[in-house]
């Protein structure tokens, strides 16, 4: 188990990335629902360090001036400067990441059509998307543990039913089934219900693969000599699961979680992108990105695509970590034979 | 022979198409020692697992103290497990590779001796480790860090913690060097001297059988073809197959040119 030293950084990197997203959401400069009605579709605010006179200053933003000729075009009046400061308490007592001195406005990723700060909404949306992925993974893995252990331990007809059921699920084009199922359920629901429905559906469709994997590990462990020996000491199924089988499952579960979380996050994004996940005004990366599907928006309001950058980063990072974990968490081989 | 402790009646068992046991009857008396010999795949291990209640025979029954073993539940099942212990083949696989020696030896007591406190179980475990000749450092080690002989001793220790009346041993000498085999057999003899203990030893080796058993059963293709006292087996085996394996063994003994005696370093008695 010398590889332990490597396992930690990989998992910690991933965890800290998600913690960062969730933590930052609490420290976002603006609330995800706060609308700056005078500044719809504003481009990312430029943070400057040189004033019009050419002198170096601490970072500041200029006063944003809506131009009179068209909505969504803005000018800057750099005679009025607002210094930018990090980690400042905001008006509501929260500690925010950064802000421009009031009444200055700082939209790092610009604003959407309702004048809401895209950066703050990206962070909040990331939390929603990540929470969906995490919860769906937890529920799916619980179902998988239940199914895999029942099938692997009991064998016979329970195994037959669970395994064939899982194979049937794996044979289905999951995304289409998911969309159809979600579309068949009520669409106009409160955000909490929509969230629960997404988590439920994703995990019900997603338990099959980990369940098959766990079943295999349970079956191979069940036939180990030491499990037979424990049965000889009168051990029942609960004892065998707790003492001999679960410890073998931990590694598989860890790697599966690392694989499933990003996968389910993508599924959530797809759902909300198509309007079947959590709905406005609650942000998720999917709902936020759905506005970019029109040429005009993608062309003129490119900053609305920022969540895609965060999503891509998350998925790439998770994929890398999952691959590392999968290699490292492989069950160690049985005691080495004598040479 | 005193009254029978463990009785097998007409045991038959099929593994898929292959016949593993074809009607085996056997009775093991208290403090008796029986050896079962036969070639690989003749059903010896299946017979032992049936006797230990780990496999259910298709027909026939195993009876311990007058009760059919497979039907035992709860306290009665525990009583049976404490009375009849199987030492599994392949010590490397019969020990959980992630558990240390102490946890491994304590496991049977954790399951079956709830009357003892954790400390008492630890004490008993350490006592048995010492009794089978293992150093105290084994308590901290994983099975992968032990030698084959040490693992076999560990298996014996964990079975003996329950102080069974019948000890079933499935090829305890497989994969061990001859001097170590000798040590294990001697240890078995000592354990038998210490307390009333019946042993059933499954082995390939007639030498080992002769060393530590009073009766011998010869198995072939799932049936016992000959069941004799050891002396009459060696003086005149009845069945053709028994004569064959005895002749083969004697031929190997004759061809073997003994070198100078090997100092094993282990306990010699």
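The helices (runs of 4 or more DSSP H) falling completely within region A:197-295 that include 3 or more residues that are out of contact with any strand residue (DSSP E or B) (no Cβ under 9 Å at 6 or more places or on another chain) and away from every other protein chain (no Cβ under 12 Å) map to A:208-222, A:246-273, A:285-290.
Does at least one position in region B:157-168 carry a residue that is closer than 19 Å to residue B:86 by Cα and surrounded by fewer than 19 Cβ atoms within 10 Å (Cβ to Cβ)? For region B:157-168, residues closer than 19 Å to residue B:86 by Cα and surrounded by fewer than 19 Cβ atoms within 10 Å (Cβ to Cβ): present.
Check A:310, A:327 and return the single one that is modelled with pLDDT of 85 or more and farther than 18 Å from residue A:191 by Cβ.
The match here is A:310.
Here is the figure for region B:83-107: residues that are under 15 Å from the mean Cα position of the chain (by Cα) and within 8 Å of another protein chain (Cβ to nearest Cβ) total 6. Within region B:216-258, if we keep just the residues that are surrounded by 21 or more Cβ atoms within 10 Å (Cβ to Cβ) and touching a residue at least 60 places away in the same chain (Cβ under 8 Å), the residue that is farthest from residue B:31 (Cα to Cα) turns out to be B:222.
In the condition set (1) assigned to a strand (DSSP E or B); (2) modelled with pLDDT under 90, residue B:217 is compliant with all but (2).
Anything in region B:20-41 that is at pLDDT below 85 and crowded, with 16+ Cβ neighbours inside 10 Å? List them, or say none. If the condition is that a residue be at pLDDT below 85 and crowded, with 16+ Cβ neighbours inside 10 Å, then B:20 is the only one that fits.
Out of the residues in region B:49-64 that are away from chain A (no Cβ under 12 Å) and surrounded by 15 or more Cβ atoms within 10 Å (Cβ to Cβ), which is nearest to the chain's Cα centre (by Cα)? Among those residues, the one meeting the criterion is B:50. Could you tell me whether region B:174-190 includes any residue that is in a loop (DSSP other than H, G, I, E, B), touching a residue at least 24 places away in the same chain (Cβ under 8 Å) and over 22 Å from residue B:37 (Cα atoms)? So far as region B:174-190 goes, no, none of its residues is in a loop (DSSP other than H, G, I, E, B), touching a residue at least 24 places away in the same chain (Cβ under 8 Å) and over 22 Å from residue B:37 (Cα atoms).
The values are calculated or read from the model by the stated rules, or taken from the named source; none is laboratory data. From a predicted model like this one, the values you see are computed outputs, not experimental measurements. Positions of Cβ are backbone-derived with ideal geometry, glycine not excepted, and every protein chain shown enters the neighbour counts.
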